[in-house]
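This report concerns only the one structure given below.
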Amino acid sequence: MSLENFTGGRYPLLKNCFDELVATDGSARPPASAIARFIAKHGDLELCKRQLQLNQTISDMGVCFTLYADGANIDRAWPLDVIPRTIPSSEWQRTSAGLKQRLAALNLFIDDLYNEQKILKQGIVPAELILDSKNFLAPCQGVSPIHGVWANICGTDLVRDEHGQFLVLEDNLRVPSGVSYMLENRTVMKRVFPELFADSTIVPVDDYPAQLWQMLASLSPRGEHVPPCIVVLTPGIYNSAYFEHSFLAQQMGVELAENHDLFVEDDRVWLKTLRGKRQVDVIYRRIDDIFIDPQAFRPDSVLGIPGLIAVWRKGLVAIANAPGSGVADDKVIYSFVPKIIQYYLGEEPLLQNVETYLCQDPLQRSFVLANLDKLVVKPANESGGYGILIGPRASQSERDEMAMAIKANPRNFIAQPTLNLSTAPTLCEGMLEPRHLDLRPFILQGADLYCSTGGLSRVALTRGSLVVNSSQGGGSKDTWIINDEG
Amino acid sequence: MLARSVENIFWLGRYLERLDDTARLVNATSHLLIDSHKDTEFGWPVLLEVMGQDSAKVLASYGLEHQNRQQLAQIEQAVMQHLISNIDSPVSIRNACSQLRYNARTIRQLLPRDMWEELNKLDSFVQQQCVETVSRQQRYQLMTEISRRCQMVIGTLDSVMLRGDAFDLFTIGRHLERADMVTRIMDVMVLQTLQPTQLKRPRFRWISILNALGGAESYQYYIANNLAGAAADAIDYLLCYADFPRSVSYCLHRIAASGKALPNSPAILQQVHQLQHLITEQAVTELSTVQLHQLIDQIQTGIIDLHQVLVDIATAEQQPLTA
């Protein structure tokens, strides 16, 4: 079978974009060869049939997400494209080493910030950036969580530039979501393409829940000889990520608690069970830290557990991610991460950042303001793709508005060159067309460091769009790490 | 399990059983009505009464008159809509299925993955298929398919779910709902057709009711083998014959067996024993119609009390957990 022409040469590669599956000469890249053979053998119509089967499977499995805009309809089917995204395992090994390096350094950084602040005293990171940040939480000062680790679960967003090099776009250290979809995407694909799994060596992803449980267990204040009581803390069934919260609790075999299922008494946190109160050791929180305890942070929070932070400060309960971790999850701090890695680990970063301009700096600010039509401007503290200006696609009035916002609060904005994000063939109205995508791997740190096999590939379904967020019409792909090392 | 989850898992069992029972009831009564003569007392609105609805009020909301013999076709249509497709009707299959999924979603961490999938399939089937335009002919298929899918959920759960508090509460929920439904069917469909002044009730055998409960053949066996004496009839059978899995007696037996291991089991068992005493203290065959009616009322009150006792086991004061 000839692989020289992926889909018979009809696939319209985009100029200046790296395609994940198809090389510039139109042939399938080696990890995608099994997919190319499948398409050559069965044709586009079969792909459409499989897409329908896939959609039905997602509905049967109840894989869904919630859009607040949908009102009463709380469950919406999860969008998954029929064509997977492939990465050779040798490349993935280097990438995951870089991701682990990055999280290890960020955790040393957070621990330093809440304790000695050496990096600020030595002027490597400007002190005012941290001390004036709303993400620097005073009640966390002087605390050192077990293993010195604050951000136990990290979802790092990676993109590929036009040369095919992975770059870090952002570090999500608060409550990163998406891992359940990574796992469910694989389950669905195995049902829909059993023959492809037989044909190639696709590295499994399904050890993540066990790894997550083990990492959480390693945080237990009562040590390894007492079976730990771990709970997932959710804001409730109407939260946009409730599907994931319940999925992870189910897969780890732990309880899914809401705040009123927990209470503080005698310096301990307790879970209200049918058979009485049970001491809680580890809370995997899926609530923003400032809502977690009305006594410590926002007094108006109705989602919190009064007194929780006091128990945590005494080391009698673990919270993952630790409150205050978000101090390092800020797009301004992001630009310092290469220096942070060098400072704490004495190593060169294995993964590169996207070039970033800080609007706080007067010189960089004037550059940004003069080049708004070429740059992407992002608020320092938003997630979900909200508040972003994509300069080349924005109108003049949108750019003017952004210029005003930057001048009013320069600390709150950064700018980056508009990237030619990589693409992958995606089934759009019966045809395979290139669509831009990113990748969110999940990295765990407790007693050990672990990186998921691949991650969640998110794809912008609209032609030319760079917005991959599912809350804004993005889709997803299964991510196949293909063993290329024999 | 969480104290808060008690009600959800309990209602999961109740709604699943309600869905199955309603589908069976619709099919059996459809057959009965197709078979019966024009002068029969029994009509479609009785189904609404069985489900605890005021039939005149419900039909009025569909713009129909309760007793109007000219509107029989429309009445059938409205009753079926109310029991099957109308999502706003508290007794419709679609509504029960939405409630079922809502409760499952709330306690998903307790449910095996396979069961979650069967529940999703059941729910999307019901929401897509239970529409206003279902014809009489399609209705039979539809109800049978719903029953079958309910059985798939129960079977999946039975073969993979951990035996523990959650499983016990689910089992109790199912059997409590079943006992409730059986007594409601008896109350409305059997007793209302008997002469209230009669002392000894006529021996009757209403094959369609037994069909609705999947018990026509086993009832025949029960009679043929003279298992309860010559005076036995369908009422004894449905109340007292503990070997029939849809009898009140069997349901109480299962509730007691599952309640034994739960916290606060003495309160649960006491309530179950009171109910068991009601149906065994005197021979049901000796009762007049009026007495039977009173007995069924007492059983229904007892079922409501038992529901409350079960829901309350979670709200007891939080004592330290002992292994």
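The values are calculated or read from the model by the stated rules, or taken from the named source; none is laboratory data. Just so you know, these numbers come straight off a predicted model, no measurement behind them. Cβ sites come from the backbone with ideal geometry, for glycine too, and all protein chains shown count toward neighbours. Each accessible area value is taken on the protein alone, full model and side chains, heavy atoms only, with ligands, DNA and RNA left out. Shrake-Rupley method; radii C 1.70, N 1.55, O 1.52, S 1.80 Å.
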Per residue, accessible area of chain A with a 1.4 Å probe, heavy atoms of protein chains only, in Å², comes to 39
Take the alpha carbon atoms of segment A:268-293, find their center, do the same for segment A:11-34, and report the distance between the two centers in whole angstrom. 48
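Of the cross-linked pairs A:Lys190/A:Lys378; A:Lys41/A:Lys477; A:Lys477/B:Lys121, which ones have a Cα-Cα span greater than 27 Å in the structure shown? Kindly include the intermediate steps, with their values, before the conclusion.
Values: A:Lys190/A:Lys378 38 Å; A:Lys41/A:Lys477 22 Å; A:Lys477/B:Lys121 24 Å.
From the list (A:Lys190/A:Lys378; A:Lys41/A:Lys477; A:Lys477/B:Lys121), the Cα-Cα distance tops 27 Å for A:Lys190/A:Lys378.
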Angle between the Cα long axis of helix A:89-113 and the longest principal axis of chain A, 0 to 90 degrees, nearest 10? 20
Round to the nearest 10 and report in Å² the accessible area of B:Thr133, as given by a 1.4 Å probe over the protein chains' heavy atoms. 110
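Filter chain B for me: DSSP H helices, axial length by Cα at least 15 angstrom, mean Kyte-Doolittle hydropathy not below -1.0. List them by residue number.
Working: long enough: B:5-35 (45 Å, -0.01); B:93-106 (20 Å, -0.89); B:113-129 (24 Å, -1.27); B:136-160 (37 Å, -0.50); B:165-185 (30 Å, -0.03); B:248-259 (16 Å, 0.63); B:265-280 (22 Å, 0.18); B:289-312 (35 Å, 0.40).
Helices meeting the criterion: B:5-35, B:93-106, B:136-160, B:165-185, B:248-259, B:265-280, B:289-312.
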Assigned charges on the beta-carbon of Lys, Arg, Asp, Glu; segment A:355-417 dipole about Cα centre (debye): 60
Tell me which residues come under 5 Å, amide H to amide H, from A:Cys428 once H is placed; ignore anything under 5 positions away on its chain. A:Glu433
To make sure I understand the rule: partners must be lysines, Cα under 24 Å from the Cα of A:Lys272, and not fewer than 8 residues away in the same chain. Which ones qualify? A:Lys314, B:Lys260
Where does helix A:33-61 land angle-wise versus the long Cα axis of chain A, in degrees 0 to 90, nearest 10? 40
Euclidean distance of C-alpha centroids, segment A:327-349 and segment A:368-425, integer Å: 22
Find the centroid of the Cα atoms in segment A:128-171 and in segment A:79-125, then give the distance between the two in whole Å. 8
Return one number: the angle in degrees, 0 to 90 and rounded to the nearest 10, between the long axis of the Cα atoms of helix A:208-217 and the longest principal axis of the Cα atoms of chain A. 10
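If R0 is 56 Å, what FRET efficiency do you get for A:Leu45 and A:His260 from their C-beta distance, rounded to 0.05?
On the way: r = 53 Å, r/R0 = 0.94.
The pair A:Leu45/A:His260 has a calculated efficiency of 0.60.
How large is the dipole of chain B about the Cα centre if only Lys and Arg carry +1 and Asp and Glu carry -1, each at its Cβ, rounded to the nearest 20 debye? Kindly include the intermediate steps, with their values, before the conclusion.
Working: 28 positive and 34 negative charges, 106 e Å.
Computed charge dipole of chain B: roughly 520 debye.
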Going by average Cβ density within 10 Å per residue, which order do the peptides B:209-218, A:203-212 take, highest to lowest? B:209-218, A:203-212
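Report D for the protein assembly as shown in µm² per second (integer): Stokes-Einstein, Kirkwood Rh on Cα pairs, 37 °C, 0.692 mPa s. Before the final figure, lay out each step's value.
Details: Rh = 30.2 Å.
Rounded, D is 109 µm²/s.
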Of B:Leu100, B:Gln291, B:Tyr140, which is farthest towards the positive pole of segment B:5-312's charge dipole, taken about the Cα centre with +1 and -1 on the beta-carbons of Lys, Arg and Asp, Glu respectively? B:Tyr140
Pull out a ≥ b ≥ c, the square roots of the eigenvalues of the alpha-carbon gyration tensor of segment A:312-464, then state rounded if a/c is under 1.5, prolate if not and a/b is larger than b/c, and oblate in the remaining case. oblate
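Taking K and R as +1 and D and E as -1, what net charge do the other residues with C-beta under 10 Å from the C-beta of A:Leu372 add up to? Each step should come with its number before you reach the end.
Values: positive: A:Lys374, A:Arg399; negative: A:Asp373, A:Glu398, A:Asp400.
Spelling it out: positives minus negatives among the neighbours equals -1.
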Inter-probe distance in nm under a simple model that places probes 7 Å from Cα toward Cβ, at A:Ser395 and B:Tyr140: 6.3
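Per-residue Cβ counts within 10 Å, from other chains only, averaged over A:275-286: what number is that?
Working: counts 14, 9, 6, 4, 2, 0, 0, 0, 0, 0, 0, 0.
That works out to 3 on average.
Using only the Cα atoms of segment A:355-417, build the gyration tensor, take square roots of its eigenvalues as a ≥ b ≥ c, and label the shape rounded, prolate or oblate: rounded if a/c is under 1.5, else prolate if a/b is larger than b/c, else oblate.
Values: a/c = 1.33, a/b = 1.08, b/c = 1.23.
Since a/c stays below 1.5, the shape of segment A:355-417 is classed as rounded.
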Ordering of A:361-373, B:145-157 by burial proxy (mean other Cβ atoms within 10 Å per residue, highest first): B:145-157, A:361-373
Sketch the reach of a paramagnetic label on A:Asp60 as a point 7 Å from Cα along Cα-to-Cβ, and name the residues of segment A:182-212 whose backbone nitrogen lies under 20 Å away. A:182-198
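Is the shape of chain B best called rounded, prolate or oblate, per the rule: a/c under 1.5 gives rounded, else a/b larger than b/c gives prolate, else oblate, with a ≥ b ≥ c the square roots of the Cα gyration tensor eigenvalues?
Numbers: a/c = 1.83, a/b = 1.18, b/c = 1.55.
Oblate is the answer for chain B, as a/c is 1.5 or above yet b/c matches or exceeds a/b.
What trypsin sites (Lys or Arg not before Pro) does segment A:271-330 have in DSSP loop regions with at most 12 other beta carbons within 10 Å?
Answer in residue order: A:Lys314.
Give me the net charge for the shell around A:Asn483: Cβ to Cβ below 13 angstrom, other residues only, Lys and Arg +1, Asp and Glu -1. Don't jump to the answer; show the numbers that get you there.
Details: positive: none; negative: A:Glu91, A:Asp199, A:Asp484, A:Glu485.
Local net charge: -4.
Given the rule -39500 (n - 2.57) for each run of at least 4 DSSP H residues, summed and divided by the residues of chain A, what is its mean residue ellipticity at 222 nm, to the nearest 500 deg cm²/dmol? Don't jump to the answer; show the numbers that get you there.
Details: 13 runs with 145 residues, N = 486.
It lands at -9000 deg cm²/dmol.
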Under the definition of partner shielding as Cβ atoms of other protein chains within 10 Å of a residue Cβ, what is the mean value for peptide A:238-250? 2
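In chain A, what percent of the accessible surface is made up of carbon and sulfur (1.4 Å probe, ligands and nucleic acids excluded)?
Carbon with sulfur: 51 percent of the solvent-accessible area.
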For B:111-123, what's the mean count of beta carbons from other chains sitting within 10 Å of each residue's beta carbon? 3
Taking θ as phi - 60°, what are the ³J(HN,Hα) couplings along segment A:341-346 by the Karplus curve (6.51, -1.76, 1.60), each to the nearest whole Hz, with x for Gly and Pro? 4, 4, 5, 8, 9, x
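So in the protein assembly as shown, what percent of DSSP beta bridges are antiparallel if you round to the nearest 5? Display every interim value, and only then the final one.
Working: 49 of 68 bridges.
Within the protein assembly as shown, antiparallel bridges account for around 70 percent of the total.
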